[in-house]
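Below: one structure, written as structure tokens.
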Amino acid sequence: MAKVEWSAGIDSVSGALSKPSKDGQHSCGKMLLGTHRVAPTTNSNCNRMYIRKPVKRTTPPSADELAMRNRFRAVSQAVAARAKDLSKITADQASWRAQLDQPNAAKTLKKWYWMVECEAYDQQH
């Protein structure tokens, strides 16, 4: 495994350092991932680098996967529309605050929007 020496001011790197190219663009074609482990340990080398080759799908999406994609698309559009609807913002914020002390409460307003819109979608379908 390679050892990475960081420049001054860089403590760690985490996430995709380079992503594979889309068709027709010039790039390395591989994904380079860097991870940093924050667990207490005696080893100070907690950074790891991985190279991931591009993966091509071999099977078509199933009916369940297409249904999940459609649900996600519909709910995300409903969340975006509701968050911008000025006539509902005050009532939504009040409803969100009222449920904060409940078990399994949505801690952020955006999560509350997703929870409400997912329930509405599921009731309709």
Quiz item: If you take the residues of segment 101-125 that are among the charged types (D, E, K, R) and in a loop (DSSP other than H, G, I, E, B), which of them is nearest to Ser76 (Cα to Cα)?
Solution: Lys107
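Of all residues in segment 66-125, which are acidic (Asp, Glu) and out of contact with any helix residue (DSSP H, G or I) (no Cβ under 9 Å at 6 or more places or on another chain)? Lay out the reasoning, then the answer.
Residues of segment 66-125 acidic (Asp, Glu): 85, 92, 101, 117, 119, 122.
Correct list: Asp101, Glu119.
We did not get these values from a lab; they are worked out from the coordinates using the rules stated. Since we're looking at a predicted model, the values are computed, not measured. Cβ sites come from the backbone with ideal geometry, for glycine too, and all protein chains shown count toward neighbours.
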